[in-house]
1. Spot the failing condition for L399; the list is (1) among the aliphatic types (A, V, I, L, M); (2) modelled with pLDDT under 95; (3) in a strand (DSSP E or B), and only one is missed.
2. Criterion first (part of a strand (DSSP E or B), touching a residue at least 12 places away in the same chain (Cβ under 8 Å), touching a strand residue (DSSP E or B) at 6+ places or on another chain (Cβ under 6 Å) and farther than 25 Å from A506 by Cα) does H15 satisfy it?
3. Could you tell me whether region 344-358 includes any residue that is open to solvent by 50 Å² or more (accessible area, probe 1.4 Å), in a loop (DSSP other than H, G, I, E, B) and among the small types (G, A, S)?
4. Looking only at region 390-405, filter to residues that are surrounded by fewer than 19 Cβ atoms within 10 Å (Cβ to Cβ) and of a type outside the set (A, V, I, L, M); which one of those is nearest to G193 (Cα to Cα)?
5. Are there any pairs with C-beta distances below 9 angstrom linking a residue in region 428-441 that is of a type in the set (F, W, Y) to a residue that is loosely packed, with under 11 Cβ neighbours inside 10 Å, with the two at least 6 apart or on different chains, and if so which?
6. If you scan region 201-243, which residues turn out to be of a type outside the set (K, R) and under 20 Å from the mean Cα position of the chain (by Cα)?
7. Which of the strands (runs of 3 or more DSSP E) found entirely inside region 187-266 contain at least 1 residues meeting this: among the hydroxyl-bearing types (S, T, Y), in contact (Cβ under 8 Å) with a residue 24 or more places away in the chain and farther than 25 Å from W445 by Cα?
8. Which condition does D120 not pass, out of (1) surrounded by fewer than 16 Cβ atoms within 10 Å (Cβ to Cβ); (2) more than 28 Å from Q285 (Cβ to Cβ); (3) within 28 Å of the chain's Cα centre (by Cα); (4) acidic (D, E), if it passes all the others?
Amino acid sequence: RFPDDNLRIVHLVVHTRDKIVNTATKALHLGETTFTVKKNLLQDGVSHITIFDQNSRPVCERLFFKRPESLILSGASDKEHYSSRQKISVTIAASNKHNDMEQSDLSIAVYRLDSLQLEDPMNIHNYFYLTSELKGQVEEPGYYFSEDKDAREAADDLMLTHGWRRFRWNDILTAKPQQFPFIPEYRGHLVTGSLTHEVTGEPGINIPTYLSIPGKYFQLRGTKSNRQGEIRFELKNFYGPNKMVVQTNTQVDSLYTIKISNPFSDKFSETKLPPFNLPEKFAGQLVTRSVGMQIENAYFEQARAKILNVNQDTIPFYGKPDEHYRLDDYTRFSVMEDVMREYVPGILVRKRKQEFYFITLDDNHNSVFRENPLVLLDGIPVFRINAIMEYDPLKVNTLDVITHKYFYGPLSFAGLASYRTYNGDYPDFPIDSRALVLDYDGMLWDREFFSPVYETQEQRESRLPDFRNLLFWSPSVITDSNGAAKVEFYSSDQPGLYLVNIQGLARAGLCGSTSFTFEVTPAPNN
């Protein structure tokens, strides 16, 4: 209904999870019109129904909830009661509503229920189809998927309280492209920063900049600053705490200040949490959990810190070099100049006004390059050749040489000379004072979930206490082509009721969850 007589036509747009599923246009008669949307055209979950006036301005919005089809998961343990340190076997099956078995990727968590830890009402099914589309807190989201006779009406009432929440239509309809503060890091961690001139404060434009993660298996990235002086590096397989060195070629661009941006967001949720205040009756449970954690830290710290195998690339970014020298295979000299002149034919050493420089052979054109090659020590670019010539060659293990033009991203080099020390820690080498050196934490290593094994009598009778509340956790349990999977683990010394929570996605896109419980009782000899 539109009281404005100047309006003649209105438009309807229906979208589900940003996919437009229906559009229509109708003329108004006495300020009114009616749209009919077939329910079978709507996708599962929350659909946004928006009305636009004849000037394409959004004037009202209504949400509609369509009950989704779900992945049917079932799980069971081989027994309902276990004693401490006993093997537990859980079987899982996944299917759709037609009883067709579904190959799925599932997560599973097995934890003890008590007054401090209850079953979480939120699951992947509720989140994907309902709460992810709404703002604020939704109490008991699972109720809207239940078979209660009032659940459908309650879901419709819930939709009436929402709208105009997902995005601003004015931003969508304008020709201005949407700006994203953070771009996807689907190929590795992104390190961003900026270059500014020390004197003028102006941004450094088109300045080659280098980022190094020194080490035995180092990483080197090169880029050029944009018109705003911004720099960006993409680091693949960048894990754990590292030393990071960022610099420009100080022989050419020495008047720039480098800043690396904070990798963490400075925007926080506006949701205010209630004060944390536990009643006195929970004191016993808190002490029990605290003691259990202290026991794990004291006796199982190394087992809990076990890292899963990470595909670390041991081959340097330049691949197989044209020349490779293991200096221990030769007579060792105490002066780097002797090493270079005697053993490395691909690089000619010259000196002018007390400054060394390298001339690299260009094998592709049977000539030589007139500028210095890229010189690295454990992955750190060295732009002043005197610095590498003054370094103790007895600390260098290997030397790789590239004797052709080398292109690396937006940069190119007149050959390359890469020195590596024995441990990759560039001992006693003075990094240029104008370089930015900082400690930088990469991504966290994937750790293997700690779950002790009690297969033998000796293991079961071990005097080390086991006070785990979380018996098993896995983020990825893949069912076979028959939709079945099986996991095994062991109970701890903590008696009580344990919950098995299983949820995940099928290959076809269905999601679902299930849970069940079993009980652990103390062993007879405890």
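The values are calculated or read from the model by the stated rules, or taken from the named source; none is laboratory data. Not measured: the values here are computed from a predicted model. Neighbour counts are summed over all protein chains in view; Cβ atoms, including those assigned to glycine, are modelled from backbone coordinates with ideal geometry. Each accessible area value is taken on the protein alone, full model and side chains, heavy atoms only, with ligands, DNA and RNA left out. Shrake-Rupley method; radii C 1.70, N 1.55, O 1.52, S 1.80 Å.
1. (2)
2. On the way: part of a strand (DSSP E or B): yes; touching a residue at least 12 places away in the same chain (Cβ under 8 Å): yes; touching a strand residue (DSSP E or B) at 6+ places or on another chain (Cβ under 6 Å): yes; farther than 25 Å from A506 by Cα: no.
Considered against the rule, which asks whether it is part of a strand (DSSP E or B), touching a residue at least 12 places away in the same chain (Cβ under 8 Å), touching a strand residue (DSSP E or B) at 6+ places or on another chain (Cβ under 6 Å) and farther than 25 Å from A506 by Cα, H15 comes out as no.
3. no
4. Across region 390-405, the extreme among qualifying residues is K405.
5. Short answer, once both residue conditions are applied: Y440/P241.
6. Filtering region 201-243 for residues of a type outside the set (K, R) gives 201-215, 217-220, 222-223, 225-226, 228-231, 233-235, 237-242.
I213, Q219, F233, E234, L235, N237, F238, Y239, G240, P241, N242, listed by residue number.
7. Working: elements: 189-197, 208-213, 219-224, 230-235, 241-248, 256-260.
By residue number, 189-197, 208-213, 219-224, 241-248, 256-260.
8. Only one criterion is unmet by D120, namely (2).
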